[in-house]
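To start, the structure itself, in structure tokens.
Every read-out reported here was derived from the displayed coordinates using simple, explicitly stated rules and does not represent laboratory data. Remember, it's a predicted structure, so these values are computed and weren't measured experimentally. For neighbour counting, all protein chains shown are included, and Cβ atoms are generated from backbone atoms with ideal geometry for every residue, glycine included.
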Amino acid sequence: MSTFDKIPETKEEAFLEVLLRLADDRLIHGHRLSEWCGHGPELEEDLALANVALDMIGHAASLYSYAAQLEGKPDEDYYAYFRDDIDFKNIALVELPKGDFAFTILRQFLFSAFSFFNYRELIKTVKDEQFNGMLQKHFKEIKYHLRHSREWVLRLGDGTEESHRRIQEAIDEIWMYTGEFFHLDDIDKAAISFNLYTDTSAFKKEWESLVFGTFEEATLQKPDNDQYMFEGARSGRHTEYLGPLLAQMQFLRRSHPEAEWK
Amino acid sequence: MDTKEKLDAFQDRIDRGEKIEPKDWMPERYRQQLIRMISQHAHSEIVGMLPEGNWIPRAPSLKRKMVLLAKVQDEAGHGLYLYSATETLGARRQDVVEDYIYGNAKYSSIFNYPTLTYADICVIGWLVDGAAIVNQTMLAKSSYGPYARANLRICREESFHKKQGYEMLAKMASGTDEQKKMAQDAVNRWWWPTLMMFGPPDSDSPNSAELIKWGVKTKTNDELRQSYVDRMVMEAEVIDIKLPDPDLKYNKKTGHWEFGEIPWDEFWAVVKGNGPMNRERIKARKNAYEDGEWVREAAIAYARKQKLKEGKAS
């Protein structure tokens with residue numbers, strides 16, 4: 001928890017936190033994926049990555065839009081364009097540079113697998129109709145993202161020596177950022193008490209079984225689970241990678257805040 | 001062998017307005033011309049992703065970001081089915097792709113210009129896609145069936161892109177002073193290059209006559225260019241944008257807008273590789289192709305292993 005984080009006291013406050021945490025993950029992840037546009041290893045993957053990026057940003061926009069409605073902000077763009085890095089609540093995993101194709105695919109796989117279980121549980125938990133409808137719509141797309149990235153993990157892991165080496169390196173590099181999936185801070189706990197979020201630790205085993213099962217099938221080594229795990233991005237304690245990303249994303253909108261851009 | 005009888009029969013089919021399909025007999029030269037044209041079209045779609053992709057991370061609203069991502073995704077889709085159309089003519093995608101990355105195959109020179117401000121994205125939608133639509137509407141009637149059908153589908157999507165670009169440009173042109181400046185500046189830079197998109201003047205277009213004879217094209221470069229200018233003059237006026245040509249004037253007799261001298265020296269320079277972004281575009285595509293080689297190899301190796309496993313299991 002950072003000094004300016006406030007533990008939600010009301011359901012409304014908790015709801016806003018949940019929406020923004022989910023949305024920030026998706027916006028930043030979508031941004032990283034969109035960087036592949038025109039640079040993919042083959043045309044089919046240019047299409048697929050752009051497609052997933054578009055879904056991610058679309059999910060973020062609808063979540064922000066709901067948050068704006070609740071908080072009385074002008075629109076979804078307020079959250080994307082007019083907050084600074086310490087206000088962003090995404091996990092660090094999604095802000096890491098796009099890396100090579102193995103890194104990008106592995107990150108997408110881990111994130112999509114987490115989202116799959118998280119959304120599955122949220123759909124059971126959340127009573128708010130509008131939010132639940134959104135989750136159900138996103139869930140359908142998440143299933144596709146998971147299938148797409150899992151297939152690639154298998155191909156790269158059990159493909160050539162080089163692809164195997166690259167994705168194994170990606171696993172070792174990325175693993176310390178997966179702790180944030182399951183770390184619950186006081187804000188999450190408050191949201192859980194209002195039935196607005198789920199105890200992610202409850203499906204950690206399932207997530208591990210899917211991820212490690214895929215690694216095994218792909219002839220990849222499990223990462224060292226006993227290593228240092230990064231923590232704090234949800235409270236604005238980000239890596240140095242987020243700042244430049246936001247500078248790029250926000251510059252035009254912030255340079256001309258009074259202009260109409262929709 | 002392209003015997004005279006076969007050639008005549010082929011020409012009769014074209015003249016009757018029949019569509020030529022992949023398995024039909026066709027002159028070798030027809031096949032080669034089509035492979036050249038369709039692959040150029042495909043490369044253009046793919047290279048075109050770069051100047052537009054340049055603004056995805058910086059798009060000024062989430063809506064505009066999504067619109068642009070969807071648009072660029074459409075371009076990739078166009079590239080994909082155009083490459084498939086070349087495959088129906090017996091070309092291999094790898095050869096065709098390597099032809100423009102390492103060889104001399106061309107793509108539309110328009111994408112060798114940089115996108116400097118966000119208004120350039122709107123102008124690409126309005127003018128560049130607008131010009132492409134004029135061309136592709138004609139190509140949708142092309143004598144080669146798969147290419148005609150591909151263009152029909154592409155046109156539908158391009159029309160949508162054009163509308164989106166035009167709408168946003170209209171907003172900028174009536175927005176803040178800075179937005180107006182960006183909008184007008186973008187039109188000033190892109191107007192002449194879009195006129196060049198229709199290719200050299202008829203007097204200087206070596207492939208045109210043959211392509212028209214074979215019904216691959218149904219109008220000449222100059223005819224297409226004129227219909228583009230006529231349309232765009234009106235559209236510019238509606239949104240209060242000035243086209244940067246002091247010689248534009250309406251000719252009542254012909255019913256067409258006359259325009260000034262196109263800077264053909266610039267056109268030939270860019271075609272020959274000396275445009276502002278030629279080297280960067282090819283380099284970006286070359287890097288993507290080469291950096292992606294290990295990925296494509298992995299996919300092939302994996303598929304082979306899976307097949308072996310299946311074979312053992314059965």
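Above 33 Å lies some portion of the pair distances; for the range A:11-255, what is it as a whole percent of all C-alpha pairs?
The answer is 14 percent, as a whole percent.
Which of the GluC sites (Glu not before Pro) across the range A:207-262 are loop residues per DSSP, with 10 or fewer other Cβ within 10 Å?
A:Glu240, A:Glu258
Could you work out how far apart the two model spin labels at B:Trp268 and B:Asp95 are, taking each label as a point 7 Å from the Cα in the direction of the beta carbon, and quote it in nm?
3.2
Arranged by the count of other C-beta atoms within 10 angstrom, fewest first, what order do B:Cys155, A:Cys37 take?
B:Cys155, A:Cys37
Where a ≥ b ≥ c are the square roots of the eigenvalues of the C-alpha gyration tensor, would you call the range B:189-307 rounded, which needs a/c under 1.5, or, failing that, prolate if a/b is larger than b/c, or oblate?
In terms of gyration-tensor shape, prolate.
5 Å is the cut-off here: which amide hydrogens, built 1.01 Å from N in the peptide plane, fall below it relative to B:Thr176, excluding neighbours closer than 5 in sequence?
A:Glu260
Using only C-alpha positions, report the orientation-averaged shadow area of the convex hull of chain B, nm², one decimal.
With the hull built on Cα positions only, its mean projection is 20.6 nm².
Report ³J(HN,Hα) in whole Hz for each residue of the range B:15-23, in order, from the Karplus equation J = 6.51 cos²θ - 1.76 cosθ + 1.60 where θ = phi - 60°; Gly and Pro get x.
Coupling constants for the range B:15-23: 5, 6, x, 6, 8, 8, 10, x, 8 Hz.
So if each residue of separation counts as 0.36 nm, and I subtract the Cα-Cα distance between A:Asn225 and A:Ile123, what length gain in nm does that give?
So the extension gain works out to 33.8 nm.
Work through the residues other than A:Ile187 whose Cβ is under 12 Å from its Cβ and net out their charges, Lys, Arg +1 and Asp, Glu -1.
Every neighbour counted, the sum reads -2.
Are there trypsin sites (Lys or Arg not before Pro) in the range B:219-261 that DSSP marks as loop and that have at most 10 other Cβ atoms within 10 Å, and which are they?
Answer by residue number: B:Lys252, B:Lys253.
Can you give me the long-range amide H partners of B:His256? Hydrogens built in the peptide plane at 1.01 Å from N, cutoff under 5 Å, separation of 5 or more residues or another chain.
Residues meeting the criterion, in which the H sits 1.01 Å from N, are B:Asn251.
Give me Rg/Rg_expected for the range B:247-314, where Rg uses Cα atoms only and Rg_expected = 2.2 N^0.38 Å with N residues.
For the range B:247-314, the normalised Cα radius of gyration is 2.39.
Before rounding to the nearest 500, sum -39500 (n - 2.57) across all DSSP H runs of length at least 4 in chain B and divide by the residue total; then give [θ] at 222 nm in deg cm²/dmol.
Calculated at 222 nm, the ellipticity per residue is -21500 deg cm²/dmol.
Could you compute the longest span of chain B free of chymotrypsin sites (Phe, Trp or Tyr not before Pro) located in DSSP loops and having at most 14 other Cβ atoms within 10 Å, not counting the site residues?
The reported range is B:103-314.
How long is the gain from B:Phe160 to B:Asp291 if the chain were fully straight, where each residue apart is worth 0.36 nm and the alpha carbon distance is subtracted?
43.9 nm
Using a cut-off of under 18 Å, list every residue of the range B:57-86 whose amide N is near the label point 7 Å from the Cα of A:Ser255 along the Cα-to-beta-carbon line.
Only B:57-62, B:64-65 pass the distance filter.
Consider all pairwise Cα distances in the range B:131-196 and report the whole-number % of them above 17 Å.
55
Quote the charge dipole size of the protein assembly as shown about the Cα centre in Debye, to the nearest 20; the model charges only the Cβ of Lys and Arg (+1) and of Asp and Glu (-1).
The dipole magnitude comes to about 1460 debye.
Quantify how strongly other chains surround peptide B:37-50 by giving the mean number of their Cβ atoms within 10 Å of each of its Cβ atoms.
Shielding by partners across B:37-50 averages 1.
The range A:112-145: which trypsin sites (Lys or Arg not before Pro) are DSSP loop and have at most 16 other beta-carbon atoms within 10 angstrom?
The qualifying sites are A:Lys127.
Over the Cα atoms of the protein assembly as shown, compute the convex hull volume and normalise it per residue, giving Å³.
Cα-based convex hull of the protein assembly as shown, divided per residue, equals 181 Å³.
For A:Arg237, project a label point 7 Å along Cα to C-beta. Then give me every residue of the range A:61-100 with its amide nitrogen under 16 Å of that point.
Counting only backbone N, you get A:86-93.
Return the long-range amide H neighbours of B:Ile20 (sequence gap of 5 or more, or a different chain), with a cut-off of under 5 Å between placed amide H atoms.
Counting only residues 5 or more places away or on other chains, the set is B:Tyr144, B:Gly145.
I want to check the label-to-label distance for B:Glu87 and A:Lys6. Put each point 7 Å from Cα in the C-beta direction and report it in nm to one decimal.
Result for the modelled spin labels: 5.8 nm.
Take every Cα pair under 8 Å in chain A that's 6+ residues apart, average their separations, divide by the length, and report that relative contact order as a whole percent.
Taking the mean separation of contacting Cα pairs over the length of chain A, I get 27 percent.
³J(HN,Hα) across the range A:22-38 via Karplus (A = 6.51, B = -1.76, C = 1.60, θ = phi - 60°), whole Hz, x for Gly/Pro?
Couplings: 5, 5, 4, 3, 6, 4, 5, 4, x, 4, 4, 5, 5, 5, 7, 3, x Hz.
Per-residue HN-Hα couplings for the range B:185-195, Karplus 6.51 cos²θ - 1.76 cosθ + 1.60 at θ = phi - 60°, whole Hz, x for Gly and Pro?
Taking θ as phi minus 60°, the curve returns 4, 5, 5, 4, 6, 8, 4, 5, x, 6, 5 Hz for the range B:185-195.
Compute the distance from the alpha-carbon center of the range B:1-27 to that of the range B:192-258, in whole Å.
Computed from Cα coordinates, the inter-centre distance equals 31 Å.
Cα centroid distance between the range A:19-52 and the range A:177-247, in Å?
Taking the Cα centre of each part, the range A:19-52 and the range A:177-247 sit 19 Å apart.
Could you check the simple spin-label distance between B:Lys213 and B:Lys309, using points 7 Å along Cα→Cβ, in nm with one decimal?
5.7
Chain B: longest stretch without exposed GluC sites (Glu not before Pro) (DSSP loop, at most 14 other Cβ within 10 Å), sites themselves excluded?
B:19-260
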